[in-house]
Each structure stands twice: as C-alpha cells, then as structure tokens.
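**Q** Can you keep this structure in mind? I'll have questions shortly.
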C-alpha cells in the first residue's frame, strides 16, 4: 500500500508542474506583442482573386477610407497583372526546359515505359495549357 508521505510528494510535484505550466503560458502570452495574421484560404487562386482578398484584408485591418482603398486597389491591381505576366513567363520557361530534357529522359526508358511517360507528358501539357489560359 502507498503511504501518506509518497502521496504528498506526488501531489506536490503535480502542483509544481501545473503551476510552472501556467506561469510559462502567462508570461509567454502577456509579454508577446499582438500579431495580426492574414488567414488566406488554402490552395492556389488566380492573381485577381488573390488581389481582391488582400485588398479586403488590408482595408479591414487598417480601416482605410474610400479614397485610400481606391488607391490600394489600383496598386494591387497592377501587382496582380505583374504576377500574371510573371506566371505565364515562368510556365513558358518550364515548358522549354521540359521539351529540352524530355527526349534525353526517354533514352533511359524501355518501350513500355516510354508509352507511360508519353501519357504523363500529355497530361502535363494539358495542365500547362489550362494554366496558361487561366493565369
């Protein structure tokens, strides 16, 4: 059977542990500056949709006047256009590299693997074309 002294020691250790956890939480949460985090929905979105979301977040957090919001919207619209241009250029560069290295890769495959690889390459090309149409 467990004696009273062992129970007292166990209760004291538990109390010390709980008090230490509470103090650590309290010091950590009271000393840290309040941070504003933007909660973007997961997944890739078109640049214009991302621009709209960012403008709404900025306007909400900074309490922008209508004039300020219009100015921010103009700047962010130009930003979204740049993103779209960059994305299309990046896709073209990736396609050029793929076309350069694809024949070299095929030389390492047997005939069955080459057929499978060709199907994979077709799927990739379809995805690339869709992405180019909807940057």
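The values are calculated or read from the model by the stated rules, or taken from the named source; none is laboratory data. Computed from a predicted model, the values in this text were never measured in an experiment. Quick reminder, even Gly has a Cβ in these numbers, built from the backbone with ideal geometry, and neighbours come from all protein chains shown.
**Q** Here are 85, 127, 92, 69: which of them is at pLDDT below 90, within 26 Å of residue 50 (Cβ to Cβ), in a helix (DSSP H, G or I) and in contact with a helix residue (DSSP H, G or I) (Cβ under 6 Å, 6 or more places away or on another chain)?
**A** 69
**Q** Okay, moving on. Taking segment 95-109 as the search range and keeping residues that are touching a residue at least 12 places away in the same chain (Cβ under 8 Å) and under 30 Å from the mean Cα position of the chain (by Cα), which one is farthest from residue 47 (Cα to Cα)?
**A** Per the criteria, the residue is 102.
**Q** Oh, and also: Looking at 52, 74 in this structure, which one is more than 25 Å from residue 125 (Cα to Cα), part of a helix (DSSP H, G or I) and over 21 Å from the mean Cα position of the chain (by Cα)?
**A** After ruling out the rest, the residue left standing is 74.
**Q** Quick one: how many residues across segment 53-86 are surrounded by 11 or more Cβ atoms within 10 Å (Cβ to Cβ), touching a residue at least 12 places away in the same chain (Cβ under 8 Å) and farther than 30 Å from residue 133 by Cβ?
**A** So the answer is 2.
**Q** Name the pairs: first residue in segment 110-126 and assigned by TED's automatic domain parsing to the domain that holds residue 99, second residue surrounded by 10 or more Cβ atoms within 10 Å (Cβ to Cβ), Cβ to Cβ under 6 Å, at least 6 apart or on different chains?
**A** Note: pairs meeting the criteria are 114/106; 117/109.
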